[in-house]
1. State whether one or more residues within the stretch 77-95 are assigned to a loop (DSSP other than H, G, I, E, B), out of contact with any helix residue (DSSP H, G or I) (no Cβ under 6 Å at 6 or more places or on another chain), modelled with pLDDT under 90 and under 17 Å from Val41 (Cβ atoms).
2. Need pairs with beta-carbon distance below 6 Å; first residue closer than 16 Å to Lys145 by Cβ and within the stretch 171-182, second of a type in the set (Ser, Thr, Tyr) and in a loop (DSSP other than H, G, I, E, B); sequence gap 6+ or separate chains.
3. Output the residues belonging to the stretch 148-171 that are surrounded by 11 or more Cβ atoms within 10 Å (Cβ to Cβ) and at positive phi.
4. List the number of the failed condition for Tyr63; all other conditions in (1) among the hydroxyl-bearing types (Ser, Thr, Tyr); (2) at pLDDT 90 or above; (3) under 26 Å from Lys120 (Cβ atoms) hold.
5. So which of Lys117, Lys70 ends up being modelled with pLDDT under 90, surrounded by fewer than 19 Cβ atoms within 10 Å (Cβ to Cβ) and of a type outside the set (Val, Ile, Thr)?
6. Can you tell me which residue is surrounded by the fewest Cβ atoms within 10 Å (Cβ to Cβ) among those in the stretch 31-54 that are closer than 14 Å to Met17 by Cβ and under 10 Å from the mean Cα position of the chain (by Cα)?
7. State yes or no: is Lys174 surrounded by 14 or more Cβ atoms within 10 Å (Cβ to Cβ), over 18 Å from the mean Cα position of the chain (by Cα) and modelled with pLDDT of 85 or more?
8. Suppose the filter is loosely packed, with under 14 Cβ neighbours inside 10 Å, within 16 Å of the chain's Cα centre (by Cα) and assigned by TED's automatic domain parsing to the domain that holds Met17; does Pro105 pass it?
Amino acid sequence: MSTDDWRESTQQNIFEMIKEHSGPGLWIRRTTWGQTCARIVAVGDYTAPPPYFGNPSVLMDVYSLDGVLKDELATVSAAGTYKTWRKWSTPSWAGTVTLRPLDDPRALAALDELNKKRHKKQPSASNQQVDHTERVALVVPYARKDEAKSLGARWSPIDKHWWLPTSEITALEKAAALGFLPNQTT
């Protein structure tokens, strides 16, 4: 295996890589960089469908390849292109240096500031966490979306479907009665 294997494109942009990684913490390199790598430390809200997800702001900490912090909370430029950014394996030295916590208030404040400059919707700290809510996807025709809303169903702009948390037993029973559960005959 060549030391330049990381340069091979997966045809994914930064947003797709972050989604696949389930949020920040991903290590990246840019094909035009010299001896540096970066760790994604904050990402704005995904507000549209793939592949650009609404072009959210993305921040990174940049390191030399031997683990020296070079730049903090830097903006990932051109995050929507797959031509220059690559996933990179977690460096062997990552366990021996102090990495920024992914819920660092400084990173969230820097993300808020960047969003103001870019005129993006302001994220909240709770939106920065990966949503681990267990979900039940619903099958809701557009004409019946108001019925789904009345149950408390939420729209996922990324997955493009309505959903309910698995913990909402009463709402799920009502959704079943309305024929909104998948593989359900009405």
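The values are calculated or read from the model by the stated rules, or taken from the named source; none is laboratory data. This one's a predicted model, so the numbers in the text were calculated from it and none came from an experiment. No Cβ is skipped: glycine too gets one built from the backbone with ideal geometry, and neighbour counts run over all protein chains shown.
1. We begin by selecting, within the stretch 77-95, every residue assigned to a loop (DSSP other than H, G, I, E, B); these are 77-84, 88-91.
Those left that are additionally out of contact with any helix residue (DSSP H, G or I) (no Cβ under 6 Å at 6 or more places or on another chain): 77-78, 80-84, 89-91.
Checking the rest, the ones that are also modelled with pLDDT under 90 come to 77-78, 80-84.
Narrowing further to those that are under 17 Å from Val41 (Cβ atoms): 77.
Yes, there is a match, as at least one residue in the stretch 77-95 is assigned to a loop (DSSP other than H, G, I, E, B), out of contact with any helix residue (DSSP H, G or I) (no Cβ under 6 Å at 6 or more places or on another chain), modelled with pLDDT under 90 and under 17 Å from Val41 (Cβ atoms).
2. Gly179/Thr186
3. Gly152
4. The failed condition is (3).
5. Lys117
6. Tyr46
7. Values: surrounded by 14 or more Cβ atoms within 10 Å (Cβ to Cβ): yes; over 18 Å from the mean Cα position of the chain (by Cα): yes; modelled with pLDDT of 85 or more: yes.
Judged against the criteria, Lys174 is a match.
8. Values: loosely packed, with under 14 Cβ neighbours inside 10 Å: yes; within 16 Å of the chain's Cα centre (by Cα): no; assigned by TED's automatic domain parsing to the domain that holds Met17: yes.
No, not satisfied.
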